[in-house]
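The values are calculated or read from the model by the stated rules, or taken from the named source; none is laboratory data. Just so it is clear, the structure is predicted and the values come from calculations on it, not from any experiment. In this analysis, Cβ positions are derived from the backbone assuming ideal geometry, glycine residues included, and neighbour counts consider all displayed protein chains. Remember, those area values only see protein heavy atoms, side chains included, never the ligands or the DNA or RNA. Shrake-Rupley method; radii C 1.70, N 1.55, O 1.52, S 1.80 Å.
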Amino acid sequence: KVTAEQGPNILFFLADDQRDDVLGCSGNTIVKTPNLDRLADRGVRFENAFCEVPICAASRATLLSGLSQRTHGYNFGEPPVAERFIATSYPMVLKGAGYRIGFAGKYGTSFAKPGLKKNFDFFKKIGRDPYLKKMADGSTRHETDLCADAAIEFIQSNPAGKPFCLSVSFNATHAEDRDQRPGFHFQWPESANGLYEDVVIPAPKLADEKYFKAMPAFLQDKGGLNRQRYFWRWDTPEKYQTNMRAYYRMITGMDNAIARVLVELKEKGLDENTIIVYSADNGYMMGDRGSAGKWNHYDQSLRIPLIVFDPRLPEEQRGRVVKNLVNNVDLAATFVDFAGLEIPEVYQGHSLVSLVDGSPLENWRDDTFCE
């Protein structure tokens, strides 16, 4: 194992409400994600990645703690993650080994007092509602671009030779639930203006009413959020086309923002020693089965994108698509392992480093736990 001073930097990009098949590298022929596609081409893409729980607050607690919701206990309306799990969260493990830790964007979770947030060396909470923020000069700037600005600020301010772990948590592609107007419900950054206007987005693969009727009665209930929000977003062909184009622009806007951060890494000479990870907190129904949101155990809700780019990988290991079942509970252990540190015994996930490296495996899980 290496010391933290010899270890790589870690840059973790997290999207909100993005399912696995809305990237060019995963086979989507409409959405433009050239920068993420390039990371996948030069790194490793996991095609069977799942979230432990498809609800943002609980999922983010899992990402930070390396624990299932059943263990950390946090979700909307539930007590915060217990104080004893702060010290073993991946940011604190890395900080204890000499890493500078940073966070920008949507925090979206809670740890018991004294909390985790104050322990970051750099912390900028940036929310939506609205996505377009009014600046001091009267102009507006999208939350996605503000997250990238914060990441660039962190990189520029990082002391020479100091290893870092920066978590950038976009609010995109979460809908702006208070503004249900088509075209405003999914608010995109300026960098994606005009895209997809002439494109017809295919209807959901599971649009046939038979798929809706096959769901349990409680998921068909008009009072449920998945059904309520379906009527906000996807229930007419016109609304579907308008909102899907806007949703795709949000994804391309994130891709553009990530590109700016990667340019800064290169300009600072950090690109050859910085591992980049891209994922999402949960999937998204996008009109399949007559549903919106997530909150269920259908494939569309549970599957997430996961790309890992390690610049130290030899050429023959690049561009692989890993089929093994992995889970976002694995990411905390993966970050700690990448830093060459001992993985806390409390973690319930497994490090993905051997899968990224292409090392021979004696065994790997045959299933993955979601709740």
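A few points about this structure:
Listed here are the residues, each with its yes/no results for (1) touching a strand residue (DSSP E or B) at 6+ places or on another chain (Cβ under 6 Å); (2) surrounded by 13 or more Cβ atoms within 10 Å (Cβ to Cβ); (3) not in a helix (DSSP H, G or I).
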position: Arg128; (1), (2), (3): no, yes, yes
position: Ala148; (1), (2), (3): no, yes, no
position: Cys165; (1), (2), (3): yes, yes, yes
position: Phe186; (1), (2), (3): no, yes, yes
position: Asp198; (1), (2), (3): no, no, yes
position: Pro204; (1), (2), (3): no, yes, yes
position: Leu219; (1), (2), (3): no, yes, no
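- Residue pairs meeting the criteria (Cβ under 9 Å; at least 6 apart or on separate chains; first closer than 21 Å to Arg70 by Cβ and among the aliphatic types (A, V, I, L, M), in the range 346-371; second open to solvent by 70 Å² or more (accessible area, probe 1.4 Å) and modelled with pLDDT of 95 or more): Val346/Arg84
- Candidate set from the range 106-126 (those that are open to solvent by 70 Å² or more (accessible area, probe 1.4 Å) and under 18 Å from the mean Cα position of the chain (by Cα)); member that is nearest to Glu78 (Cα to Cα): Lys125
- Candidate set from the range 322-347 (those that are in contact with a Phe, Trp or Tyr (Cβ under 8 Å, 6 or more places away or on another chain) and open to solvent by 20 Å² or more (accessible area, probe 1.4 Å)); member that is nearest to Ser89 (Cα to Cα): Val346
- Residue match in the range 362-370 (condition: within 21 Å of Ala40 (Cβ to Cβ) and either touching a helix residue (DSSP H, G or I) at 6+ places or on another chain (Cβ under 7 Å) or buried (at least 21 other Cβ atoms within 10 Å of the Cβ) (or both)): no
- Here the condition is being among the acidic types (Asp, Glu), at negative phi and part of a loop (DSSP other than H, G, I, E, B); of Asp41, Asp21, Asp17, Asp37, it holds for Asp21 alone.
- Residue match in the range 253-267 (condition: in a loop (DSSP other than H, G, I, E, B) and at negative phi): no
- Search result, residues across the range 294-306 that are surrounded by fewer than 24 Cβ atoms within 10 Å (Cβ to Cβ) and either in contact with a Lys or Arg (Cβ under 6 Å, 6 or more places away or on another chain) or not hydroxyl-bearing (Ser, Thr, Tyr) (or both): Trp295, Asn296, His297, Asp299, Gln300, Leu302, Arg303
- Tally, over the range 167-184, of residues that are touching a helix residue (DSSP H, G or I) at 6+ places or on another chain (Cβ under 6 Å) and either of a type in the set (Val, Ile, Thr) or not in a loop (DSSP other than H, G, I, E, B) (or both): 2
- Residues of the range 130-146 that turn out to be among the charged types (D, E, K, R) and open to solvent by 70 Å² or more (accessible area, probe 1.4 Å), as a count: 3
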